[in-house]
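The values are calculated or read from the model by the stated rules, or taken from the named source; none is laboratory data. Note that the coordinates shown come from a computational prediction; the quantities given were computed from them, not determined experimentally. Here the Cβ is made from the backbone with ideal geometry for all residues, glycine too, and neighbour counts use every protein chain on show. These accessible areas exclude ligands, DNA and RNA; they are computed on the full protein's heavy atoms, side chains included. Shrake-Rupley method; radii C 1.70, N 1.55, O 1.52, S 1.80 Å.
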Amino acid sequence: MASVSGTTGPVRLLIADDDALVRSGLKMIFGGVPDIEVVGEVADGAEVVGAVGTLSPRVVLMDIRMPRMDGIEATVRARSLPDPPEMLILTTFQADETVLRALRAGASGFLLKATPPAQIVTAVLAVAAGEPVLSPSVTRSLITYVAGSGADDRRARARQTLSLLTDREREVAYAVGQGRSNAEICAELFMGMPTVKAHVSRILVKLGLNNRVQIALLANDATI
């Protein structure tokens, strides 16, 4: 069957967590989900890159606090690989700066381990389909943090970066920052879907970004 990721078969999932009980619990959750296949598990961030190369997961569900290499550094390294997986952070650790670092590193989502199992499943499927995911409590904290200290410097840097884009590309970037889907951008900016997708791809390449989350963070920094 076709999965939400657009590939044939279920979403291939790699679990990275240093707690064996957490890994077992997550495998039980996904065991009854036909659209998701757990292809492997690792207990340390340093093992993530090798496992990605061997197992070719579509999504990595990863803790932040792990021995040797944390989840943020593992995210950076995994996202630098050819055809990288989507990275979904699942952790007990909710600090505003840590959330922002994870998203800037290339993570497509950030959930707390207290998130109900059904929502974790939905989040994996969403990031596999290219949709960013943040739990409500994380979103509230992030909005507060982004609007806080250092906002002037971030705004100046973001606007300078966005100046590298064409006017039309900036319009698309700001629409992504407002949480618009490609279909909504089509309607709002009177573009065809191939044009919107092409603009998003060019934005990622021009600015050296990994995903729509990073476009959104940049656009929001420019408007704070």
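Each Lys and Arg Cβ is given +1 and each Asp and Glu Cβ -1; about its Cα centre, the range 1-83 then shows a dipole of about 180 debye. Of all lysines in the structure, the ones whose alpha carbon falls short of 27 Å from that of Lys206, not counting any fewer than 8 places away in one chain, are Lys197. The order of the peptides 58-65, 45-52 by mean Cβ neighbours within 10 Å, most packed first, is 58-65, 45-52. In this calculation the C-beta distance from Arg68 to Ala187 is compared with R0 = 45 Å, giving a FRET efficiency of 0.40. Per-residue ellipticity at 222 nm, computed for the chain from helices alone with -39500 (n - 2.57) per DSSP H run of at least four residues, works out to -16000 deg cm²/dmol. Here the calculated FRET efficiency for Arg159 and Asp83, from their Cβ-Cβ distance with R0 = 41 Å, stands at 0.80, rounded to the nearest 0.05. Here the chain exposes an accessible surface that is 55 percent carbon and sulfur, computed with a 1.4 Å probe and the other protein chains kept in place. Based on every Cα atom in the range 172-217, Rg and the maximum pairwise Cα distance Dmax equal 9.7, 27 Å. May I ask for log10 I(q)/I(0) of the range 30-130 at q = 0.18 Å⁻¹, from a Debye sum over the Cα atoms as equal point scatterers with solvent left out? The Debye formula, applied to the Cα set alone, gives -0.81. Pairwise Cα distances in the range 1-86 exceed 17 Å in 45 percent of cases. Relative to the longest principal axis of the Cα atoms of the chain, the long axis of helix 193-207 makes an angle of roughly 90 degrees.
For Lys27, a cut-off of 28 angstrom between C-alpha atoms picks up these lysines, skipping any fewer than 8 places away in its own chain: Lys113. How far is helix 117-128 tilted off the main Cα axis of the chain, in degrees rounded to 10, range 0 to 90? Tilt of helix 117-128: around 50 degrees.
Full extension of the segment from Leu207 to Ala114, taken as 0.36 nm per residue of separation minus the current Cα-Cα distance, would add 30.0 nm. I'd like the orientation of helix 20-31 relative to the chain: the angle between its Cα long axis and the longest Cα principal axis, in ° from 0 to 90, rounded to 10. Here the helix axis deviates by roughly 80 degrees. Legend: translational diffusion of the chain by Stokes-Einstein, Rh = Kirkwood radius over C-alpha pairs, 20 °C, 1.002 mPa s; D = 119 µm²/s.
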